[in-house]
1. Across segment 202-322, how many lysine pairs, 8 or more apart or on two chains, come within less than 27 Å at their alpha-carbon atoms?
2. Please calculate how many Å² of accessible area segment 192-337 carries per residue, with a 1.4 Å probe and no DNA, RNA or ligand atoms counted.
3. Which whole-number percentage describes the relative contact order of segment 230-310, with Cα contacts under 8 Å and a sequence gap of 6 or more?
4. Among residues other than CYS278 whose Cβ falls under 12 Å from its Cβ, what is the net charge (Lys/Arg +1, Asp/Glu -1)?
5. Mind ranking 289-296, 153-160 by how tightly packed they are, going by the mean number of other C-beta atoms within 10 angstrom, highest first?
6. With a Förster radius of 30 Å, plug the Cβ-Cβ distance of LYS40 and TYR137 into 1/(1 + (r/R0)^6) and report the FRET value to the nearest 0.05.
7. Report the GluC sites (Glu not before Pro) located in segment 212-271 that are in a DSSP loop and have at most 10 other Cβ atoms inside 10 Å of their Cβ, or state none.
8. If R0 is 30 Å, what FRET efficiency do you get for ARG20 and ALA184 from their C-beta distance, rounded to 0.05?
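The values are calculated or read from the model by the stated rules, or taken from the named source; none is laboratory data. Predicted model only: the values in this text are computed from it and were never measured. All Cβ positions, glycine included, derive from the backbone under ideal geometry; neighbour counts span all protein chains shown. Remember, those area values only see protein heavy atoms, side chains included, never the ligands or the DNA or RNA. Shrake-Rupley method; radii C 1.70, N 1.55, O 1.52, S 1.80 Å.
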Amino acid sequence: MLFRSGGEREKPKEWTYVARHKAHWRPIVGLCFSGPESEKLRLFTVGEDRRLIEYNVKQAVEHGSLHPVSPDTIVEQEARPTGCIWYPFGGKGDTEKVLTMNDEYKFKIWNTINRSCRKTALAPTYGGPISKMTPVYNDADGEDQFMLYSTHEKVLGLVQLPLDGNPNKCMGLIAHPGQISAIAVDYQGQYAFTCGGGDLTVNQWLIDPQPVANASVMGGSGVEPFVKLLDGGEEGEFFSDMKDYFYYSQIRSQDENTTKARVLDGKIPVEEIPYLMCALGYFPTQLEVKNMTNEVKKSKFGETGEDVDRIAFDDLVRLYINHRPVFAVGQIGRAHV
């Protein structure tokens with residue numbers, strides 16, 4: 001349902017019913033409006049039916065219907081979304097985005113203009129899947145920006161931007177003994193507020209992001225934090241195999257049977273990414289391949305406005321860590337309905 005706040009200056013504002021629409025066939029887990037940087041007011045919802053839907057707020061007729069903007073976006077195939085927010089961060093001309101979270105500990109950033117996935121990143125994996133997030137606004141830019149998050153129960157934490165899957169750029173603590181029903185941040189980005197469920201409490205927290213920033217620096221730079229997440233780390237057999245596969249992929253992309261001298265520049269075409277992922281034991285679906293390819297192509301779009309068609313080894317390691325399943329696939333899998 002959509003409500004509008006209005007009224008004359010002399011009279012108190014009242015919320016009046018405008019329109020409604022039943023767009024999801026499973027429960028809605030996230031709702032967000034566009035931010036002030038957007039050219040127009042936009043409304044999005046994401047549901048357990050794995051669909052992200054935008055609504056035409058401007059044309060909503062009072063006591064009428066709230067029509068979706070078609071087509072809707074399929075954001076997951078197996079995982080269940082757990083929430084969404086308007087994502088107000090990005091490069092010049094690349095700020096019309098929505099961030100979704102799912103129960104497989106992944107962040108996904110969606111471009112709302114062409115409905116493509118711009119980024120998939122590993123989320124904090126303690127305390128359960130993230131269900132709520134909100135920006136911590138301050139005067140800083142880039143890597144000094146943070147977001148506040150909470151899981152469905154108990155855990156409240158901070159994650160440092162940009163969202164890249166680095167496990168050292170986040171923290172969490174137990175804020176409530178049970179459900180966390182809502183979170184908020186003041187306009188100065190100094191205090192956080194959490195509302196519990198059965199504990200009947202509202203807590204106020206002082207936000208101190210410096211320990212998270214320090215942990216990020218101490219955890220290493222570049223690809224180092226991601227290599228530590230691989231089996232055996234940098235000295236392990238798996239990392240050695242990754243390098244061998246990457247070198248072979250460079251040769252493969254320049255024709256294996258040629259006798260001409262090859263010039264290897266340390267990068268491979270984006271078309272080689274699915275084959276490398278399969279060689280590493282991760283077998284992505286066609287949708288996941290599309291998301292990975294688009295992520296690499298648009299990785300520098302906010303800075304240069306141009307697409308990227310080749311990927312280096314360090315970027316491949318990050319891509320693998322962020323896209324592979326958090327938990328290994330066993331003999332008994334999880335079924336989704």
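1. Close lysine pairs under the 27 Å cut-off: 18.
2. 62
3. 21
4. Within the 12 Å Cβ shell, the charges total -1.
5. My ranking of the peptides, most packed first, is 153-160, 289-296.
6. Efficiency, rounded to the nearest 0.05: 0.90.
7. Those satisfying the criteria are GLU256.
8. 0.70
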